[in-house]
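Q: This is the structure, below, for whatever I ask next.
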């Protein structure tokens, strides 16, 4: 359900996995990373992690379960629709018949 509880469970039940993880990504930023892009997450989905301040639109250190679940472990957050097509290589956009930059 909420990422913070899953991370706390992982830290308690599988400390070896938790300690060896470079980053904790949600589906949206994991998908972008797999496409070869910089991982990033939209504000609404970042808010569901319970690690993101929805008023200031920044990762919230106070709500972090530990240093490993704070801003350093997450990708940048952005508003919905921001950082869209311009992030994809031009050759991909041509193949998908997308608007030009």
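The values are calculated or read from the model by the stated rules, or taken from the named source; none is laboratory data. Quick caveat: nothing in here was measured; it's all calculated off a predicted structure. Cβ sites come from the backbone with ideal geometry, for glycine too, and all protein chains shown count toward neighbours.
Q: Restricting to helices (runs of 4 or more DSSP H) lying wholly in segment 1-53: which have 3 or more residues that are loosely packed, with under 15 Cβ neighbours inside 10 Å and modelled with pLDDT under 85?
A: It comes to 27-34.
Q: Collect the residues in segment 34-48 that are free of Cβ contacts under 8 Å to residues at least 12 places away in the same chain and closer than 20 Å to residue 59 by Cα, keeping them in residue-number order.
A: Residue satisfying the conditions is 47 alone.
Q: Being at pLDDT 80 or above, surrounded by 10 or more Cβ atoms within 10 Å (Cβ to Cβ) and at positive phi, is that true of even one residue in segment 82-99?
A: Among the residues of segment 82-99, not one is at pLDDT 80 or above, surrounded by 10 or more Cβ atoms within 10 Å (Cβ to Cβ) and at positive phi, which makes the answer no.
Q: So which residues in segment 54-81 are part of a strand (DSSP E or B) and modelled with pLDDT under 80, if there are any at all?
A: Our first condition is that a residue be part of a strand (DSSP E or B); within segment 54-81, this holds for 58-59, 77-78.
Answer for segment 54-81, where residues must be part of a strand (DSSP E or B) and modelled with pLDDT under 80: just 78.
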